[in-house]
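Take a look at the structure set out below.
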């Protein structure tokens, strides 16, 4: 997401802006992986004289999906870093994405922690200016992501590398996937520092040729690259990101995709002197579609109810194991 939406843009956006990449900022790389698709029969790469045709159609579809804000979800995300894990519940709304921490290292929050977390998220309801800033930040991240997405066909050279099948968390289970390797296009001239990071990236993508979706993006920095967005710095060679997306099964006729996991591993410097180190994996699950007209305040109430259910189930599970 991204929301629905998630991406090369997301990973780097997380690196440059902050270390607390969340599905709420799931805005960026998550945007490469959002919802809506083309109908039709499966196609293999053999039907394409140039893999770029498949990439361009997929990018067009991802942009279309990123701009489609009709499907909203409640879901869970567990982010793991060297310091431990944090589990959050998220709800997407047109106003912004609401998120609530429900567990640390697999343990439910204490009453005091739960109260503090509710106070934190309720400040957006009590202070419209805070909510406005949050919405604007998410919008800015999304715009940067779309710039990255649009640049993919020009920034990289793609080559066919085989066929695979979708699995749990990657595409449609059992569905066809086309593997394409990518490397920097030596003739590409990034129009700004936002796209500059693409000049040092290589890896592979898995594309669903039926829905025209990126089921997986695995990229590694082959050289040191700079980044901007008002925070000058660079990312070291060897940095890597992996973003995976799966089809979310809903009612018959729906064709919705959401990010299933995201792994970031980067080092570098911010403002040319402050060290940057990011190492995290976030797994997303439990997607439930919610009304598209939910307000942020209603989303917070929904999160509280869901958190209470999670706490009850956790307590019941603990008793059953005794």
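The values are calculated or read from the model by the stated rules, or taken from the named source; none is laboratory data. As the structure is a prediction and not an experimental result, all values here were calculated from the model. A quick note on method: Cβ atoms are made from the backbone with ideal geometry, for glycine too, and the neighbour counts reach across all protein chains shown.
Please verify whether residue 213 is modelled with pLDDT under 95 and more than 24 Å from residue 234 (Cβ to Cβ), treating the condition exactly as stated.
Working: modelled with pLDDT under 95: yes; more than 24 Å from residue 234 (Cβ to Cβ): yes.
Here the answer is yes, as residue 213 does meet what is asked.
Scan (1) surrounded by fewer than 21 Cβ atoms within 10 Å (Cβ to Cβ); (2) assigned to a helix (DSSP H, G or I); (3) at pLDDT 90 or above for the single condition residue 261 breaks and write down its number.
Here residue 261 meets the rest and fails (2).
For region 24-51, how many residues meet the condition of being modelled with pLDDT under 50, within 25 Å of residue 183 (Cβ to Cβ), surrounded by fewer than 23 Cβ atoms within 10 Å (Cβ to Cβ) and touching a strand residue (DSSP E or B) at 6+ places or on another chain (Cβ under 6 Å)? Steps first, please.
Applying the first criterion (modelled with pLDDT under 50) to region 24-51 yields 24-48.
If we keep only those that are within 25 Å of residue 183 (Cβ to Cβ) as well, we get 28-33, 43-48.
The next check asks that each one be surrounded by fewer than 23 Cβ atoms within 10 Å (Cβ to Cβ); those that pass are 43-48.
Going one step further and asking which of them are touching a strand residue (DSSP E or B) at 6+ places or on another chain (Cβ under 6 Å), we end up with 45.
Counting residues in region 24-51 that are modelled with pLDDT under 50, within 25 Å of residue 183 (Cβ to Cβ), surrounded by fewer than 23 Cβ atoms within 10 Å (Cβ to Cβ) and touching a strand residue (DSSP E or B) at 6+ places or on another chain (Cβ under 6 Å) gives 1.
Conditions tested, residue by residue: (1) within 22 Å of residue 137 (Cβ to Cβ); (2) more than 14 Å from the chain's Cα centre (by Cα).
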{"residue": "58", "(1), (2)": "no, yes"}
{"residue": "64", "(1), (2)": "no, yes"}
{"residue": "75", "(1), (2)": "yes, no"}
{"residue": "82", "(1), (2)": "no, yes"}
{"residue": "89", "(1), (2)": "yes, yes"}
{"residue": "94", "(1), (2)": "yes, yes"}
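Just to be sure I understand, how many residues within region 85-106 are assigned to a loop (DSSP other than H, G, I, E, B) and more than 16 Å from residue 291 (Cα to Cα)? Outline the logic, then answer.
Of the residues in region 85-106, the ones assigned to a loop (DSSP other than H, G, I, E, B) are 93-96, 105-106.
Within this subset, residues satisfying the condition of being more than 16 Å from residue 291 (Cα to Cα) are 105-106.
The total comes to 2.
Could you please find all residues in region 222-243 being at pLDDT below 90, surrounded by fewer than 16 Cβ atoms within 10 Å (Cβ to Cβ) and closer than 27 Å to residue 77 by Cβ?
Result: 230, 231.
Quick one: which of 54, 74 is outside any helix (DSSP H, G or I), at pLDDT 90 or above and surrounded by 19 or more Cβ atoms within 10 Å (Cβ to Cβ)? Steps first, please.
Numbers: 54 fails: outside any helix (DSSP H, G or I).
From the options 54, 74, the qualifying one is 74.
Would you please name the residue that is surrounded by the most Cβ atoms within 10 Å (Cβ to Cβ), looking only at residues in region 168-204 that are in a loop (DSSP other than H, G, I, E, B) and within 21 Å of the chain's Cα centre (by Cα)?
The initial filter retains those residues of region 168-204 that are in a loop (DSSP other than H, G, I, E, B), namely 168-169, 172-175, 185-192.
Applying the additional criterion that residues be within 21 Å of the chain's Cα centre (by Cα) yields 168-169, 172-173.
Working: 168: 8, 169: 17, 172: 20, 173: 13.
The qualifying residue surrounded by the most Cβ atoms within 10 Å (Cβ to Cβ) is 172.
Return only the number of the condition from (1) in a helix (DSSP H, G or I); (2) exposed (fewer than 14 other Cβ atoms within 10 Å of the Cβ); (3) over 17 Å from the mean Cα position of the chain (by Cα) that residue 162 does not satisfy.
(1)
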